[in-house]
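Trainee: Before we start, here is the structure in question, set down as structure tokens.
The values are calculated or read from the model by the stated rules, or taken from the named source; none is laboratory data. These numbers were taken from a predicted model, which means no experiment stands behind them. FYI the Cβ positions are ideal-geometry reconstructions off the backbone, even for glycines, and counts take in every protein chain you see.
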Amino acid sequence: ANEVVFKGMVRFLNRDRPQGQPMRKMKLVMNNELTKGGHLSSQPMGSLFNFVEEDPETGKENVINFPVLSENQYKPDLAKLGEILDQHKPELMVFGKSMFLYQEPVKFVHDIVKDWDVQPVIMFDMAHVLGIYGAFQTPLSEGANVITGSTHKTFFGPQRGVIAGNFPKGSPLRKLWLDIKSRAFPGSTSNHHLGTLLALLMAVYEMNEFKEEYQKQVRANAKAFARALKDTGIQVEGDEKDGFTETHQVLIRIKAHGDGQEIAR
């Protein structure tokens, strides 16, 4: 799903390209750093590969990262973020993580960029938290233009991808949605796994029926689990006064207990 959006972005940016001129890539993208929880699919080594211009001096893709607090690397540094946006003005901002404890600053960013002469695209990869959309965060109502996700994590269905957009009439980005749809089909797929649709339908029925109860319990379970681990002497990441997490995830430091790969096995 992320790659489809990136393809749509490049197509959208080249809509007014003079005939015969080469297509340009995205000039600058902002995302979460991989070691700070960023998802692989939004990195140049992942699905973002070949969609972003390179710095001619370094040979590296023009990608910058959302800054985080020095005292809590799982929360954004809003003061620094405002400075970076004012200085660099990325064309695409990709929120979302695979190591995910707290909300992303979607509204904060939207309130800054809404008055820019050239509107950037705010994207939110919700693959890991789609099943707690609403109880955790509501990016589309906070200013995100596009969300992507998968239907087999906290949204408990079969493996499928999903893309949703919010492009009101009059938005200069409205045609981007057409480009995203065209990159899904026929741009990236010629068919889909029809056999999983019934399973997805049942998951949607269950989510619609039990969403509030389910989402509340998932987050409560995570906080209780984090507290129990803390009480046994295991170092739990995140802010204790926030219950360590606002999602379904709990992060722990295990170095004091042995080799990470061995413990995982």
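Trainee: When the residues of the range 83-136 are filtered to those that are touching a residue at least 12 places away in the same chain (Cβ under 8 Å) and of a type in the set (S, T, N, Q), which remaining residue is farthest from H152 (Cα to Cα)?
Mentor: Filtering first and then ranking leaves Q119.
Trainee: Counting just the residues of the range 52-75 that are in contact with a helix residue (DSSP H, G or I) (Cβ under 8 Å, 6 or more places away or on another chain) and part of a strand (DSSP E or B), which one comes out nearest to L251 (Cα to Cα)?
Mentor: That would be V68.
Trainee: Something else now. Which condition from (1) among the small types (G, A, S); (2) surrounded by fewer than 17 Cβ atoms within 10 Å (Cβ to Cβ); (3) in contact with a Ser or Thr (Cβ under 8 Å, 6 or more places away or on another chain) is the one that G161 breaks?
Mentor: Here G161 clears every test but (2).
Trainee: Separate question: Taking the options M99, M93, name whichever one is under 20 Å from P139 (Cβ atoms) and assigned to a strand (DSSP E or B).
Mentor: Within the list M99, M93, the selection yields M93.
Trainee: Tell me, which residue of the range 22-46 that is farther than 17 Å from I122 by Cα and outside any loop (DSSP other than H, G, I, E, B) is farthest from the chain's Cα centre (by Cα)?
Mentor: T35
Trainee: Residue by residue through the range 153-183, note down the ones that are small (G, A, S) and more than 18 Å from the chain's Cα centre (by Cα).
Mentor: Correct list: G157, G170, S171, S182.
Trainee: Select, from T245, T196, T232, the only residue that is closer than 28 Å to F136 by Cβ, surrounded by fewer than 13 Cβ atoms within 10 Å (Cβ to Cβ) and of a type in the set (S, T, N, Q).
Mentor: Result of the check over T245, T196, T232: T232.
Trainee: Taking the condition in a loop (DSSP other than H, G, I, E, B), aromatic (F, W, Y), in the same structural domain as F124 (by TED's automatic domain parsing) and surrounded by fewer than 17 Cβ atoms within 10 Å (Cβ to Cβ), does F49 pass?
Mentor: yes
Condition check ((1) part of a loop (DSSP other than H, G, I, E, B); (2) without any contact (Cβ under 8 Å) to a residue 60 or more places away in the chain) across all residues:
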{"residue": "L197", "(1), (2)": "no, yes"}
{"residue": "M207", "(1), (2)": "no, no"}
{"residue": "K223", "(1), (2)": "no, yes"}
{"residue": "R227", "(1), (2)": "no, yes"}
{"residue": "T247", "(1), (2)": "yes, no"}
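Trainee: Could you say whether any residue in the range 203-223 is of a type in the set (S, T, N, Q), within 24 Å of H39 (Cα to Cα) and crowded, with 17+ Cβ neighbours inside 10 Å?
Mentor: Yes: the range 203-223 contains one or more residues that are of a type in the set (S, T, N, Q), within 24 Å of H39 (Cα to Cα) and crowded, with 17+ Cβ neighbours inside 10 Å.
Trainee: Just to confirm my filter: which strands (runs of 3 or more DSSP E) fall fully inside the range 118-192 and include at least 3 residues that are of a type outside the set (F, W, Y) and touching a Gly at 6+ places or on another chain (Cβ under 7 Å)?
Mentor: Correct list: 146-152.
Trainee: Looking at P76, P44, P67, can you tell me which residue is in the same structural domain as F95 (by TED's automatic domain parsing) and at pLDDT below 95?
Mentor: After applying the criteria, what remains is P44.
Trainee: Okay, next question. Every residue in the range 134-161 that is closer than 30 Å to E83 by Cβ and either in contact with a Leu (Cβ under 7 Å, 6 or more places away or on another chain) or not acidic (D, E) (or both), please.
Mentor: F136, Q137, T138, P139, L140, S141, G143, A144, N145, V146, I147, T148 - these are the residues of the range 134-161 that are closer than 30 Å to E83 by Cβ and either in contact with a Leu (Cβ under 7 Å, 6 or more places away or on another chain) or not acidic (D, E) (or both).
Trainee: Another one. Would you check if R227 is in the same structural domain as Q137 (by TED's automatic domain parsing), at pLDDT 95 or above, farther than 15 Å from F136 by Cα and not polar (S, T, N, Q)?
Mentor: Against the criterion (in the same structural domain as Q137 (by TED's automatic domain parsing), at pLDDT 95 or above, farther than 15 Å from F136 by Cα and not polar (S, T, N, Q)), R227 does not qualify.
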